[in-house]
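Where a number appears in this text, it was derived from the coordinates with a stated rule and is not lab data. What you are looking at is a predicted structure, and each value in this text was computed from that prediction instead of being measured. Virtual Cβ from ideal backbone geometry, glycine too; neighbours counted across all protein chains shown.
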Amino acid sequence: MRLLPATVARILPVRHVRKLVQKPVGWLDDGCGYQDVQTVLTDPWPSGPYPHKDMGRIFSENQQPGGKTKNEKKSKITNNTDKLDFSHIPLEQQSVFLFPGQGAQFVGMGKQLLDCDAAKHMFDAANHILGYDLLKLCLEGPKESLDRTIHCQPAVFVASLAAAEKLKQERPEVIKNAVSTAGFSVGEYAALVFANSLSFDQALRLVQVRAEAMQRCSENIPSGMVSVRITAKSQLSEAITHAKRVASESMADGNVPVCGVANYLYSGMQVIGGDEAVLKVLEEIAKEYDVEVVKRLPVSGAFHTQRMRNAVEPMAAALESADLQLPTIDVYSNVTGQIYERNISKMKRRLLDQIHQPVKWEQIQQLLLRKHVDSQFPRYFELGPGKQLGTMFYYVSKKAYKALTNVPV
């Protein structure tokens, strides 16, 4: 539907406006609440060019006893029954745990966990499930092998949870006071294990299926990821469109170029995933669109883009038989940027969507940083290889960063 500018709607009589617009489409029903409709009905010069008879219909359908709309009533019930309550733990004693994703790996990770028996047992269990010596690969490499998706995702997953075991051994009270957790990309599976939603063995098998499926997608067409910095002047969408148009001329017939935002990191910083041909063009033309290319990421595919669509089917089969439980602490979804709904089928759906949709880490981070009173924050812990998640905290809030501890691996 093409909407008239508000200024036009105010100048023309309503009877003329009705002739110029189409009947409201479905999203108008969903997007209008009691107050929206009431305002239009009582204002002789409505700001939106919607016929009164349609607005009246939506008004009557939405109206509930007591002046509540259907949506408002449903939301209130959901909030009352589903939200976990951690108010019994003082804010300064609450713990929030962050798990990194692919790209955080490095040869030598795991060395600082060898003095923890529980961590070593976790690597032993992983070796049995995966069929190769994961700890040796983490400690000795080679880097080219560790960076491969099929090895990297299980390695980051296991190393992160092994770090949690070490923290549990050294500071058990911190684990006891956990209130929420979030994981970046494959790190979301570590977060679900930490929140008692998945067992370690079950989650590792899911990660293995995920990694193998995403590796196959990556091998079909060369692709990758690049981080970019943008400002208010940047025209990132236009730059991507330009790059895709140029790249399409050199691609084989039938191949539609893929490129788009894969990760929202923090304000002004995003990661673009796409076909290699598109990324090369994007790097060349970025400055024309006030986009700064920062660096290529050490990954072998355009993760969290449509190039990963074919990985959904094998993951759907694996997730169907997975015994997912409701988490005992809040877990944030990469797909929505919000706390997971307490609904198993929806949780599984989010994990499938996560494969080919952007990671909304910026949105998750903003919600995590709201957990404060004045200058008092909960304790944040980054568990796993690298320090990327903590670095993003630093850029967003130096006060919150002071409350963050990195647990080295």
Residues with beta-carbon under 15 Å from that of Glu362, excluding Glu362: net charge, scoring Lys, Arg +1 and Asp, Glu -1? +3
From the C-alpha gyration tensor of region 358-408, square roots of 5λ in Å: 17, 14, 9
Distance (nanometres) between label positions extended 7 Å along Cα→Cβ at Asp117 and Glu144: 4.1 nm
Past 26 Å, Cα to Cα: identify those pairs from Lys111/Lys143; Lys287/Lys399; Lys233/Lys280; Lys83/Lys176, in the order given. Lys287/Lys399
Express in nm, to one decimal, how much length is gained between Ala125 and Ser87 on full extension, taking 0.36 nm for each residue of separation and deducting their alpha carbon distance. 10.1 nm
Each label point is 7 Å from the Cα along the Cα-to-Cβ direction; what then is the distance between the points at Ser321 and Arg296, in nm? 3.9 nm
Give me, ordered by chain and number, the residues 5 or more places off Ala262 or on other chains with an amide H under 5 Å from its own placed amide H. Val271, Ile272, Gly273
Highest mean packing first, using Cβ neighbours within 10 angstrom, the peptides 229-240, 92-103 sort as 92-103, 229-240
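Step by step: find N for region 178-240, compute 2.2 N^0.38 Å, then divide the Cα radius of gyration by it. What's the final number?
That ratio works out to 1.60.
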Over the alpha carbons of region 264-404, what is the largest minus smallest coordinate on each principal axis, giving the biggest first in Å? 46, 44, 25
Expressed as a fraction of 2.2 N^0.38 Å, the rule-of-thumb size for a compact globular protein of N residues, what is the C-alpha radius of gyration of region 80-213? 1.09
For Tyr340, which sequence-distant residues (separation of 5 or more, or a different chain) have an amide H within less than 5 Å of its own amide H, given hydrogens modelled in the peptide plane? Val331, Tyr332, Ser333
Would you tally the net charge around Pro142, using a Cβ to Cβ cut-off of less than 13 Å, leaving Pro142 out, and scoring K and R as +1, D and E as -1? 0
Label-point separation (nm) for Glu249 and Phe106, each offset 7 Å from Cα along Cα-to-Cβ? 4.2 nm
One finds, for Gln376 and Val256 with R0 = 45 angstrom and r their Cβ-Cβ distance, a FRET efficiency to the nearest 0.05 of 0.35
